[in-house]
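This report refers to the structure that appears directly beneath it.
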Amino acid sequence: MQAPSLTTKTAEELYQVGMAKFQAKDFDAAVLLFYELIVTYPSHALRESAQFLVAEIFYAQKDYRGALAEFQALVRDVPRGRKVPDALVKIGLTQRELGERDTAQRTWERVLRDYPTSVAARQARVLLRR
């Protein structure tokens, strides 16, 4: 009997199937597929989007600690990624949900400082006024 083989799916295939599961609201399956992409293809361009979606799923499920860990991992592991400003806004929202209002404000101030012309900066300005 043969041992099961490791994934033979490409990053694109994992992402496409993960997105299909996500759109079908099969979030557990989507998370597993996105994690497989993240672990198997850590340098692939789709990794950033996959990690962002995992974090979004956790946030929507009110698993704020899980969401925070995933958003922080994205910022740490893909520091120049295009989703980093959005991830920082979400980190602030997650921190606020966890009762860490001062930390959330500092996170949003970082968005304004590091990404002043981004859409995320506009969101951070609004959030800082609340």
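Rule-based calculations on the coordinates, nothing more; no lab input. All figures in this text were calculated on a predicted structure; none of them were measured in a lab. Don't worry about glycine lacking a Cβ; one is built from the backbone with ideal geometry, like all the others, and counts go over all protein chains shown.
Condition check for Gln51 on (1) within 19 Å of Val31 (Cα to Cα); (2) more than 9 Å from the chain's Cα centre (by Cα): one failure, at (2). Cβ-Cβ distances below 9 Å connect the following pairs, each with a first residue in segment 61-87 that is over 19 Å from Ala124 (Cβ atoms), a second residue that is crowded, with 19+ Cβ neighbours inside 10 Å and among the hydroxyl-bearing types (Ser, Thr, Tyr), and a separation of six or more residues or different chains: Arg65/Thr94; Gly66/Tyr59; Glu70/Tyr59.
Return the residue satisfying two criteria in turn: it lies in segment 54-88 and is small (Gly, Ala, Ser) and crowded, with 18+ Cβ neighbours inside 10 Å, and of such residues it is nearest to Asp28 (Cα to Cα). Before the answer, list the steps.
At the first step, the residues of segment 54-88 found to be small (Gly, Ala, Ser) are 55, 60, 66-67, 69, 73, 81, 87.
Still in the running and crowded, with 18+ Cβ neighbours inside 10 Å: 55, 67, 81, 87.
Working: Ala55: 12, Ala67: 14, Gly81: 25, Ala87: 21 Å.
Step by step, filter segment 54-88, then rank; the result is Ala55.
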